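Mind having a look at this structure? Questions to follow.
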Amino acid sequence: MPELLQLVQKYIRLKMVDKNGTYSYSNIIRIAANDKQDAISIVSPTKDVLKINVMAASLNNSKASLVNGEGKVVKTFLLKQGYQTIDIAALPSGLYYVQVNDVVRKVIVDR
């Protein structure tokens, strides 16, 4: 059965400014979505909680890892479709990555 993903539509429009200060806008165009890159997003990392939005139904009940900057897995958890929170209160400040299958998201923990 094919994998079904909920996609977020993305659009872009450029503002072009001349040396004399006049400007014009380009046409609005839709950017092709990358299904794997739009599958999860980090909503707002805080000091104690990491909020994740899982948009791909195919990732429901998938095992995810939180990996530190040295590549060591510091926490594992199951993803649930929709919004969820992960307790990161015990982690020191630093750069981390949420990894599930071949989708990776960067997280900065700042204490």
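The values are calculated or read from the model by the stated rules, or taken from the named source; none is laboratory data. All values derive from a computational prediction rather than experimental measurement. Quick reminder, even Gly has a Cβ in these numbers, built from the backbone with ideal geometry, and neighbours come from all protein chains shown.
How do the strands (runs of 3 or more DSSP E) wholly within the stretch 16-111 filter down when requiring 3 or more residues that are free of Cβ contacts under 8 Å to residues at least 12 places away in the same chain and in contact with a helix residue (DSSP H, G or I) (Cβ under 6 Å, 6 or more places away or on another chain): which remain?
Values: elements: 23-25, 29-31, 40-42, 49-54, 63-68, 73-78, 82-87, 94-100, 103-109.
Result: empty, no element qualifies.
Something else: Which one is modelled with the lowest pLDDT, of the residues in the stretch 19-67 that are over 27 Å from Gln84 (Cβ atoms) and basic (Lys, Arg)?
Ranking the qualifying residues of the stretch 19-67, first place goes to Arg30.
Is it fair to say Val73 is at pLDDT 85 or above, surrounded by fewer than 13 Cβ atoms within 10 Å (Cβ to Cβ) and over 19 Å from the mean Cα position of the chain (by Cα)?
It is false that Val73 is at pLDDT 85 or above, surrounded by fewer than 13 Cβ atoms within 10 Å (Cβ to Cβ) and over 19 Å from the mean Cα position of the chain (by Cα).
Look through the stretch 80-98, keep the residues that are out of contact with any Lys or Arg (no Cβ under 8 Å at 6 or more places or on another chain) and within 11 Å of Ile40 (Cα to Cα), and return whichever of them is surrounded by the most Cβ atoms within 10 Å (Cβ to Cβ).
Gln81
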